[in-house]
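Q: Next up is a structure, given as structure tokens.
Since every read-out is calculated from the coordinates, none of them should be taken as a lab result. Keep in mind the model is a prediction, meaning the values are calculated, not measured. Please note: Cβ atoms are built from the backbone with ideal geometry, for glycine as well, and neighbour counts cover all protein chains shown.
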């Protein structure tokens, strides 16, 4: 089953099928995904030249319940899905595996079943075709329970999978990405 289908089912299909084409079309048309800062925000607004605001208006969020941490409904659904998975599956095993200094490979492979190991990989290679914000959401939720497990996820899904998807040859992508994305191969990237 392609990775996008796994995530699509996990995200309740309707959200993904209605938002992905719309968001993708907006991005291809050059729309900005920036949001206007709330007046109650504790962060200062960035300094912009006086004429910058006149050039391009800042789009308003369609849903005021969305936040910078989950800017779209798709991101919010992803956060809720990964949070539920983390609470049900990751949290109960964290202390045991961390004390033993071992990795829970069957649990890691479940991330592949959910489509999370290739969250930023194009769908044509079995990935979910999501963006960097989605990857950050997955990292946040996993790290909230088991930072060591999250680090294994980072090494596999970002250092290897995402890097290969962005920089590999077509032959390399076809050879390695499907197994890395579905979790049947555990991968990393040597640093040195």
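Q: Taking the mean number of other Cβ atoms within 10 Å as a proxy for protection, how do you rank 121-131, 146-156, 87-97 from highest to lowest?
A: Per-residue mean Cβ counts within 10 Å order the peptides as 121-131, 146-156, 87-97.
Q: Calculated FRET efficiency, residue 113 and residue 170, Cβ-Cβ r, R0 22 Å, to nearest 0.05?
A: Efficiency at R0 = 22 Å is approximately 0.25.
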